[in-house]
Amino acid sequence: MRAARSLLSLRAPLRRSLFPSPRLLHSTPRSLASEAPQDPFADPAFKGFSDKIKQHQGAVDAMLSLGKIMEQKGFDTTKQPSMTQMAKMAMDKDLREAAQTLFSELQKAGVDPKEAMEMFQRANSK
């Protein structure tokens with residue numbers, strides 16, 4: 001009798017490791033993608049972002065000056081820059097200073113730099 005119990009006790013851990021209990025298996029609900037708005041400027045988050053900027057004249061001036069410097073340096077401000085152009089922009093001293101000024105003015109306006117980058121990317125995507 002003891003021998004039979006010891007054999008059964010040896011088989012039970014082996015059986016548990018080969019076939020997991022159904023209680024351990026679970027599933028997660030599927031994620032559905034929501035449709036992106038056709039116009040990124042119609043997004044309420046973008047409207048809040050633009051309202052913050054419009055209320056702070058320093059941020060508006062910094063954005064305009066960055067755009068002027070980019071045009072003076074020969075960059076097209078109507079299209080998203082290529083990787084090569086972005087590398088050239090990063091190496092340009094005047095553009096770096098203008099970008100730093102812009103981000104400091106955005107922080108003064110109450111805009112998070114990460115949020116600003118996300119909004120700029122959304123605006124350039126269309």
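Worth pointing out:
- Residues within the stretch 31-62 that are at pLDDT 80 or above, surrounded by fewer than 13 Cβ atoms within 10 Å (Cβ to Cβ) and in a loop (DSSP other than H, G, I, E, B), tallied: 1
- Residues being exposed (fewer than 13 other Cβ atoms within 10 Å of the Cβ) and more than 18 Å from the chain's Cα centre (by Cα) - total across the stretch 98-126: 3
- The residue that is modelled with the highest pLDDT, among those in the stretch 76-87 that are in contact with a helix residue (DSSP H, G or I) (Cβ under 9 Å, 6 or more places away or on another chain) and not β-branched (Val, Ile, Thr), is 76.
- Here residue 65 qualifies as at pLDDT 90 or above and not charged (D, E, K, R).
- Contacts under 6 angstrom Cβ, first residue in the stretch 49-66 being of a type in the set (Phe, Trp, Tyr), partner surrounded by 13 or more Cβ atoms within 10 Å (Cβ to Cβ) and at pLDDT below 90, 6 or more apart: 49/119
The values are calculated or read from the model by the stated rules, or taken from the named source; none is laboratory data. The structure presented is a predicted model; accordingly, all values stated were derived computationally and were not measured. Don't worry about glycine lacking a Cβ; one is built from the backbone with ideal geometry, like all the others, and counts go over all protein chains shown.
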